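Worksheet: the structure to be examined is printed underneath.
The values are calculated or read from the model by the stated rules, or taken from the named source; none is laboratory data. This structure is a prediction, so every number in the text was calculated from the model and none was measured. All Cβ positions, glycine included, derive from the backbone under ideal geometry; neighbour counts span all protein chains shown. What goes into the accessible areas is simple: the full protein's heavy atoms, side chains included, and nothing from ligands, DNA or RNA. Shrake-Rupley method; radii C 1.70, N 1.55, O 1.52, S 1.80 Å.
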Amino acid sequence: MSAPKKLFIKTYGCQMNVYDSERMAEALGGEGYVETKSPDDADMILLNTCHIREKAAEKVYSELGRFKGLKAEKPDLKIGVAGCVAQAEGQEIMRRQPLVDLVVGPQSYHRLPEMEAKAREGEKVLDTDFPEEDKFEKLKNRPKAKRGPTAFLTVQEGCDKFCAFCVVPYTRGAEVSRPADRILREAQDLVERGVREITLLGQNVNAYHGAGPNGDMTLAQLIWELDKVDGLERIRFTTSHPNDMQDDLIEAHGTCAKLMPYLHLPVQAGSDKILKRMNRAHTAESYLRLIERIRAARPDILISGDFIVGFPEETEADFQATLDLVEEVKYGTAYSFKYSTRPGTPAAERPQVDPAEADDRLQRLQALLTKQQREVQDSMVGRDVTVLFEKAGRFPGQMVGKSDYLHAVHVADCDRAIGDLARVRILSSGSNSLAGALVD
Ligand code: SAH
Ligand code: SF4
Ligand code: F3S
């Protein structure tokens, strides 16, 4: 038997890309590839890319440039670009970087085995279709390898919201939900391979409406089905849109013990004028009332968010409204970005905010968010939380895991194994994690 070929995958962007990279590795696993941690000994390099901001997209070209020497040494090395930059700029990538042998969009990667074979024969291959066939089903023949205790599971893809700044509706296509029985089968399989916590993924996951035995199901109904899977201990989902936060999902946060008290609910901005121009179809007030209802169902829930500052025509007063909203919500964690112009999106044509002004606003917002994040983390000290252990710590006898609220928790003198759940009393709060001790 010949030695296995080696595959190096580098993943950028969101969790859906992490999930997709696993699927691509499995698809090429069937062609005799094993994964390697270094590009230096790879027979194939795949960059799974993100197009959400300009910086993310530009990274791809600089990364590709670095493989020039490798390819010169090893003419058989194949280089592929996958993901959202592949979808958005497929032809352009081929033109700008002749090193690239293969370009595959996020909806076509189940066709990778055939594409790889063509590339091996010296062809340049590009596939950025939105095919009819179900890529998830095509990828069913997965090896039954043991896995770590946490996993992502994509249940919904694409987006029909068309926020004025965002490329996702163009790179991932229209919103599609996977049928519930396939998701449940995949969840069962993950649990059999050692997974205890599943994060359901979708660009708009709470808009989930996949086919079930009695018509379309909501995300909450899907969560209740997953709740019945023995051995699955924790359920999370991301990312949600405020307008799709239905009553049954809010209720599930109060009643489903496996559903973790953590919700990523991006608002983007606090000014109604800006929200309207972003095409978000919610107001600051409606978002705040929604948070109130969620907290009424689950008072200890940790709220996370995304923000954009410096959106076209944002004034200081508009930005102040964002700070006011943040003050009211008190975020446990948040991601904030300076607006990045994306060609082809409606906001790209509008008057832009001065970049220095946008930088200054971003700093002020991040200072406030960091302070809140720290306060929420510090408030855990003295409390008992449940920790799912994910790996050994840096020190002998130490284990690291995540609390129900997704805080990283270090536990010294810990006799538990990876994949175990335990009650832990939080003793102290560090810059990015908590420390605690097992509760007998
Ligand atoms: N589907 C999710 C996430 C989309 S991308 C949602 O609707 O929330 C993740 C985050 O990137 C967004 O929430 C937004 O805050 C940010 N983002 C998207 N486009 C951007 C742009 N053009 N410039 C800066 N940030 C952007
Ligand atoms: Fe992008 Fe808006 Fe869709 Fe989120 S809801 S993926 S921000 S268009
Ligand atoms: Fe980036 Fe595509 Fe995800 S643009 S954020 S990788 S959906």
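General observations
- Ordered from highest to lowest accessible area with the whole protein assembly present and a 1.4 Å probe, 364, 95, 293 read as 95, 293, 364.
- Percent carbon-and-sulfur accessible area, segment 135-378, ignoring ligands, DNA and RNA, probe 1.4 Å: 52
- Probe 1.4 Å, accessible area per residue of segment 276-320, Å²: 41
- Fraction of accessible area attributable to carbon and sulfur, segment 5-127 (%, probe 1.4 Å): 49
- Solvent-accessible area of residue 170 with every protein chain in place, 1.4 Å probe, in Å² to the nearest 10: 100
- For segment 378-440, average projected area of the Cα convex hull in nm²: 3.7
- Volume of the convex hull of segment 217-366 (Cα atoms only), normalised per residue: 122 Å³.
- Per residue, the accessible area of segment 5-127 comes to 42 Å², computed with a 1.4 Å probe over protein heavy atoms only.
- Computed over protein heavy atoms with a 1.4 angstrom probe, the accessible surface ordering of 370, 283, 199, largest first, is 370, 283, 199.
- Alpha carbon centroid spacing (whole Å) that separates segment 279-349 from segment 116-192: 29
- Cysteines in the chain that, by Cβ-Cβ distance, have no pairing candidate under 4.7 Å: 14, 50, 84, 159, 256, 414
- When the trypsin sites (Lys or Arg not before Pro) in segment 373-440 are filtered for DSSP coil states and for at most 16 other beta-carbon atoms within 10 Å of their beta-carbon, the remaining sites are 383, 394, 416.
- Spread over its residues, the convex hull of the C-alpha atoms of segment 1-159 is 128 Å³ per residue.
- Most mobile listed residue (415, 359, 300) in the chain, GNM with C-alpha springs under 10 Å: 415
- In Å, descending, principal axis extents of the Cα set of the chain: 60, 58, 51
- Where segment 384-438 is the region considered: accessible area per residue in Å², 1.4 Å probe: 49
- Residue ranking by accessible heavy-atom surface, 1.4 Å probe, largest first, among 104, 18 comes out as 18, 104.
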